[in-house]
Amino acid sequence: MTNQSVSSEQQVSDHFRSLTPSILYFGTPVVLISTLNENGSVNLAPMSSAWALGYTVVLGLGAAGKTIENLKRTQECVLNFPSDRLWQAVERLAPLTGKDPVPASKAAQFHYEQEKFAAAGLTPLASESVVPPRVAECPLQFEARVQTIRPFHQSDSSYIVEVEVLRVHAHLSVIKGEQYINPEAWHPLIYNFRHYFGLGTALGKTFRAEI
């Protein structure tokens, strides 16, 4: 390696700095996950640690929340995907918990609310293959069944949950053709380092794109 290339590499390196962020939400879609409480009411909770491979979706959930408790008991849920226009409804849900009493780890920032749909100003819509309802205002809704639940790295503070998607519902406004979601019409809400964003202008598509 020449002195010139070493110098050039150092100049590039000088534009970076190591740091330790408190969270690593680098830009992921928001999910509103609906589950059934013991008394028949519905818990609706926002989360953003989710990714899909085929018809399996992997969720990262905190151990202190009502959602993981309900999933362990009922083994089913609906993953509702809000558009960017719904960010304020999502934020109305953010400080709420379905756990009563509120867990000590949440007591400083959260308060108990059983009627999550009403608190967020959202509308329940009957599901077809699971008991928890869908969110009518969300353009994409995945009815799902739990496959596995396990601690995250043997931690007692979070879990990894794998769910199988049983049925996909999409609003007519985001459907293209018979079976495709139109990426030009679908505008997911993105959680980016604890701030809400929508998508920017389309840049292009991968060679595997079917539409």
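The values are calculated or read from the model by the stated rules, or taken from the named source; none is laboratory data. This one's a predicted model, so the numbers in the text were calculated from it and none came from an experiment. Here the Cβ is made from the backbone with ideal geometry for all residues, glycine too, and neighbour counts use every protein chain on show.
Details
- Subset of segment 36-65 [buried (at least 17 other Cβ atoms within 10 Å of the Cβ) and over 16 Å from the mean Cα position of the chain (by Cα)]: Leu36, Asn37, Val42, Ala64
- Lone qualifier among Ile149, Ile68 - being touching a residue at least 60 places away in the same chain (Cβ under 8 Å), β-branched (Val, Ile, Thr), out of contact with any Pro (no Cβ under 9 Å at 6 or more places or on another chain) and surrounded by fewer than 17 Cβ atoms within 10 Å (Cβ to Cβ): Ile149
- Qualifying residue in segment 106-115 (condition: surrounded by fewer than 13 Cβ atoms within 10 Å (Cβ to Cβ), assigned to a strand (DSSP E or B) and out of contact with any helix residue (DSSP H, G or I) (no Cβ under 6 Å at 6 or more places or on another chain)): yes
- Selection count where residues are in contact with a strand residue (DSSP E or B) (Cβ under 9 Å, 6 or more places away or on another chain) and without any contact (Cβ under 8 Å) to a residue 24 or more places away in the chain, scope segment 165-182: 1
- Checked against (1) more than 16 Å from the chain's Cα centre (by Cα); (2) surrounded by 15 or more Cβ atoms within 10 Å (Cβ to Cβ); (3) not in a loop (DSSP other than H, G, I, E, B), Val161 passes all but condition (1).
- Among the residues of segment 65-97, those that are within 23 Å of His195 (Cα to Cα) and part of a loop (DSSP other than H, G, I, E, B) comprise Gly65, Pro82, Ala94, Pro95.
- Exactly one residue out of Glu184, Glu162 is closer than 20 Å to Glu69 by Cα and of a type in the set (Asp, Glu): that is Glu162.
- Cβ-Cβ under 9 Å pairs, at least 6 apart or on other chains, segment 19-48 side closer than 28 Å to Leu125 by Cβ, far side at pLDDT below 90: Ser48/Tyr25
- Within segment 168-184, if we keep just the residues that are exposed (fewer than 15 other Cβ atoms within 10 Å of the Cβ) and farther than 12 Å from Glu210 by Cα, the residue that is modelled with the lowest pLDDT turns out to be Glu178.
- Residue list for segment 118-139, restricted to those being buried (at least 18 other Cβ atoms within 10 Å of the Cβ), outside any loop (DSSP other than H, G, I, E, B) and either among the β-branched types (Val, Ile, Thr) or in contact with a Pro (Cβ under 8 Å, 6 or more places away or on another chain) (or both): Arg134, Val135
- Within segment 57-88, the set of residues being over 22 Å from Ile190 (Cβ atoms) and of a type in the set (S, T, N, Q) comprises Asn70, Thr74, Gln75.
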